[in-house]
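Everything below concerns the one structure shown next.
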Ligand code: GLU
């Protein structure tokens, strides 16, 4: 497929919301497609109707849009290779199952679920730990390889329920070169006669997946490691259908932050972080938190995800989506699992937050201020953002930690009051108040001058006045420059707050 246009697909099953690992798979597909000027396709794999979850498909589309990695083709945007939902492609699969039966690579199996269960029980008793329908056991089952041609014909005509299974060959090595893992090899003795086509007229994942990848001209299959054991079956199906197989790249797992094993929703609940990009409400109305709703920037989330399994080989950690497209290669995706690090995710958000100009952050803050019915000028919102951004992870932190910029404190931090509000504090603070009342141009610089003058006047240090002034202005033990806070509050408000503190704490 070396000369054809790169076409990759993200092929989730709509069985629930998209886990972070799924988003990363989508991201790597997106980056690979864009890097090579190719197409990124979203295909919904809903052949298993019993596992269909209402709302999951819309969730997936919405989450990819939020992440800024929308598909070029898919049911939400259209394209020349549709339909993009497997249930709508139902009539397309049967002919390929039939082709495989005709060429002897697949067969009809009529076994009832009781008969299958009986076979498993029997083999377990005989000491087989995981019994399979395979080259050894198929001869004792009811299928078109074990029954006479007449019997098979009779059953088909009578409309007996059946499935179509692959006829897995005995003792063959199936090899392919995975873009991440290198050469991998499987022996067919360890593979079973998987069902390709079901009694309900639907293909299984395996058949639908390769038929669609072929018909949609997919050049590279980039997916999670959990699909690696299915890959040899897929390679055989391509061969039996006479089609060229796409390239394969199986991505390493995302691991729990503490210990081994795949990151699960339970880990997120246990350790207090979302595992979904956006909030998910299941059909029962139960809500699971998402990064979007917690205030993460999609750019930060994506940047973090890109590094879970890939690295650029340099020290650079902050990458815009365009830069990721530029730098991404499958060769630099690691073979081993990547531990999820929630602190690092927050760090990424901080970096993105700090990179915004004060004006841009101010505009983001204004949205939250309006939600809280607080009216301030854009200039004030920008100044507050500038002062608070070094301490914030999210824009909401600026609002929460800097609420005193907009609303006068009603409480004063008790510990600081006990430690720092001394007998002579009212005198010092009162004198400072007098000094600043005379300032004509109420700038941070002039307030600072007045503050220093007060310190000199009483021969005291910063610690004897600063914390008290901070209490008066913000009620808090710590925060940004007192002089900047004063300038933002303005002269009148600064004086009022000092008066109030003198009254309450006197
Ligand atoms: N439908 C499969 C899933 O849910 C797709 C696996 C693949 O990409 O082949 O992940």
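The values are calculated or read from the model by the stated rules, or taken from the named source; none is laboratory data. No experiment lies behind these values; they were computed from the predicted model shown. Using ideal geometry, Cβ is built from the backbone for each residue, glycine included, and neighbour counts are taken over all protein chains shown.
Summary table below
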| read-out | value |
| --- | --- |
| Helices (runs of 4 or more DSSP H) enclosed by region 1-104 - at least 1 residues per element that are within 13 Å of the ligand (Cβ to nearest atom) and touching a strand residue (DSSP E or B) at 6+ places or on another chain (Cβ under 7 Å) | 20-35, 56-67 |
| Residue check for residue 55: modelled with pLDDT under 95 and within 22 Å of residue 279 (Cα to Cα) | yes |
| Exclusive hit being free of Cβ contacts under 8 Å to residues at least 40 places away in the same chain and within 24 Å of residue 7 (Cβ to Cβ), set 72, 58 | 72 |
| Output for region 310-340, where each listed residue is in contact with a strand residue (DSSP E or B) (Cβ under 8 Å, 6 or more places away or on another chain) and within 16 Å of residue 35 (Cβ to Cβ) | 310, 328, 330, 332, 333 |
| Cβ pairs under 6 Å, 6+ apart, first in region 391-404 and farther than 22 Å from residue 299 by Cβ, second at pLDDT 95 or above and crowded, with 19+ Cβ neighbours inside 10 Å | 402/384; 402/388; 404/474 |
| Yes/no for residue 144 being farther than 20 Å from residue 195 by Cβ, surrounded by 16 or more Cβ atoms within 10 Å (Cβ to Cβ) and in contact (Cβ under 8 Å) with a residue 12 or more places away in the chain | no |
| Breaking point among (1) within 16 Å of the ligand (Cβ to nearest atom); (2) crowded, with 18+ Cβ neighbours inside 10 Å, for residue 191 | (1) |
| Number of positions in region 235-255 that are out of contact with any strand residue (DSSP E or B) (no Cβ under 8 Å at 6 or more places or on another chain) and either within 20 Å of residue 23 (Cα to Cα) or within 16 Å of the ligand (Cβ to nearest atom) (or both) | 2 |
| Looking only at region 138-182, and only at residues there that are touching a helix residue (DSSP H, G or I) at 6+ places or on another chain (Cβ under 6 Å) and part of a strand (DSSP E or B), the one that is nearest to residue 232 (Cα to Cα) | 174 |
| Failed item in (1) outside any helix (DSSP H, G or I); (2) surrounded by fewer than 20 Cβ atoms within 10 Å (Cβ to Cβ), with residue 412 passing the rest | (2) |
| Single unsatisfied condition, residue 262 versus (1) crowded, with 17+ Cβ neighbours inside 10 Å; (2) within 16 Å of the ligand (Cβ to nearest atom); (3) closer than 24 Å to residue 330 by Cα | (1) |
| Residue that is surrounded by the fewest Cβ atoms within 10 Å (Cβ to Cβ) [pool: residues in region 194-226 that are more than 27 Å from the chain's Cα centre (by Cα), in a helix (DSSP H, G or I) and within 14 Å of the ligand (Cβ to nearest atom)] | 214 |
| Cross-chain or 6+ apart pairs with Cβ under 7 Å, region 211-235 first and closer than 14 Å to residue 42 by Cα, then part of a helix (DSSP H, G or I) and within 12 Å of the ligand (Cβ to nearest atom) | 212/86; 221/213; 222/25; 222/28; 222/29; 223/25 |
| Of all residues in region 256-293 being assigned to a helix (DSSP H, G or I) and out of contact with any helix residue (DSSP H, G or I) (no Cβ under 9 Å at 6 or more places or on another chain), the one that is nearest to residue 18 (Cα to Cα) | 265 |
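Matching residues to (1) within 21 Å of residue 333 (Cβ to Cβ); (2) out of contact with any helix residue (DSSP H, G or I) (no Cβ under 6 Å at 6 or more places or on another chain):
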residue: 14; (1), (2): no, no
residue: 19; (1), (2): yes, yes
residue: 22; (1), (2): yes, yes
residue: 35; (1), (2): yes, no
residue: 57; (1), (2): no, yes
residue: 67; (1), (2): yes, no
residue: 86; (1), (2): no, no
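Conditions (1) within 25 Å of the chain's Cα centre (by Cα); (2) part of a loop (DSSP other than H, G, I, E, B); (3) surrounded by 15 or more Cβ atoms within 10 Å (Cβ to Cβ), marked per residue:
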position: 348; (1), (2), (3): yes, no, yes
position: 366; (1), (2), (3): no, no, yes
position: 369; (1), (2), (3): no, no, yes
position: 376; (1), (2), (3): no, yes, yes
position: 383; (1), (2), (3): no, no, yes
